[in-house]
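Trainee: My questions all concern the structure below.
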C-alpha cells in the first residue's frame, strides 16, 4: 500500500511505520544503558572492596584496598619490599597469600597488629584465619586495639604510608 505524502510523493506505508522521529542516533539509548550498567557495576565492586576489611573506618578501608591493588599488580616485588621493611620472610608472605588467601591488606594488618600487640605474626595470622568472618575491626578489638586509640591511629598511619610507598613498576 502506498500513501501520498504532503510533498506529493508516493511512499510505501511500510517505510512510514519503520521511521522513528528522533533527534538522536538510534544507538544513544544503548550507550545510556551501557553507561548506567558500568556505573552500577563500579559501585558494586568499590563497595565490596571497601566492605571487605570491615575495620569500622571507611578511610582505612580505602587505604587497605590500595595496598591490595599494589600487591596484586606486582606481587613478587611487593612481597620482597614488604619482607625487607618488616623482617617477615618472603616464604611466609607467600604462604599467607597462596594457601590462606590473604590479600595485601590482610598481610599488612597481620604484620602491623603483631608489632603493636607484641604477639608473633603466626599467632595473629591464626586468629585472623579462625575469625575472618568477623572482620578486622572485631579482631583488632579482641587483640586489644580499640577504635580511635593511639594503636588504631598507628595502624591507620602505617597503612597510608604503605599505600603511598609502593612505586609503580607496572
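Trainee: Can you tell me how many residues within the stretch 99-114 are assigned to a helix (DSSP H, G or I) and touching a residue at least 12 places away in the same chain (Cβ under 8 Å)?
Mentor: Count: 10.
Trainee: Further question on the same structure: Regarding the stretch 110-118, can at least one residue be identified that is surrounded by 20 or more Cβ atoms within 10 Å (Cβ to Cβ), modelled with pLDDT of 90 or more and under 19 Å from the mean Cα position of the chain (by Cα)?
Mentor: yes
Trainee: Now for a separate question. Considering the stretch 124-149 alone, what residues qualify as being under 16 Å from residue 103 (Cα atoms) and assigned to a loop (DSSP other than H, G, I, E, B)?
Mentor: 135 - this is the single residue of the stretch 124-149 that is under 16 Å from residue 103 (Cα atoms) and assigned to a loop (DSSP other than H, G, I, E, B).
Trainee: Test residue 81 against the stated conditions and say whether it is within 16 Å of residue 109 (Cβ to Cβ), modelled with pLDDT of 65 or more and surrounded by 15 or more Cβ atoms within 10 Å (Cβ to Cβ). So that I can check it myself, show each step before the final result.
Mentor: Values: within 16 Å of residue 109 (Cβ to Cβ): no; modelled with pLDDT of 65 or more: yes; surrounded by 15 or more Cβ atoms within 10 Å (Cβ to Cβ): yes.
Answer is no for this residue.
Trainee: Here is a follow-up. Listed residues 65, 73, 36, 51; which is surrounded by 13 or more Cβ atoms within 10 Å (Cβ to Cβ) and either at pLDDT below 85 or more than 29 Å from residue 146 (Cβ to Cβ) (or both)?
Mentor: The conditions single out 73.
Trainee: While we're on this one: Condition check: over 24 Å from the mean Cα position of the chain (by Cα) and at pLDDT 90 or above. Does residue 122 satisfy that?
Mentor: Spelling it out, residue 122 is indeed over 24 Å from the mean Cα position of the chain (by Cα) and at pLDDT 90 or above.
Trainee: Every residue in the stretch 144-157 that is more than 19 Å from residue 82 (Cβ to Cβ) and either buried (at least 17 other Cβ atoms within 10 Å of the Cβ) or not assigned by TED's automatic domain parsing to the domain that holds residue 87 (or both), please.
Mentor: 145, 151, 152
Trainee: Would you mind telling me which numbered condition in (1) within 18 Å of residue 128 (Cα to Cα); (2) part of a helix (DSSP H, G or I); (3) in contact (Cβ under 8 Å) with a residue 24 or more places away in the chain; (4) within 13 Å of the chain's Cα centre (by Cα) residue 96 fails?
Mentor: Result: residue 96 passes all but (4).
The values are calculated or read from the model by the stated rules, or taken from the named source; none is laboratory data. This one's a predicted model, so the numbers in the text were calculated from it and none came from an experiment. Heads up, the Cβs are rebuilt from the backbone with ideal geometry, glycines too, and the neighbour counts pull from every protein chain shown.
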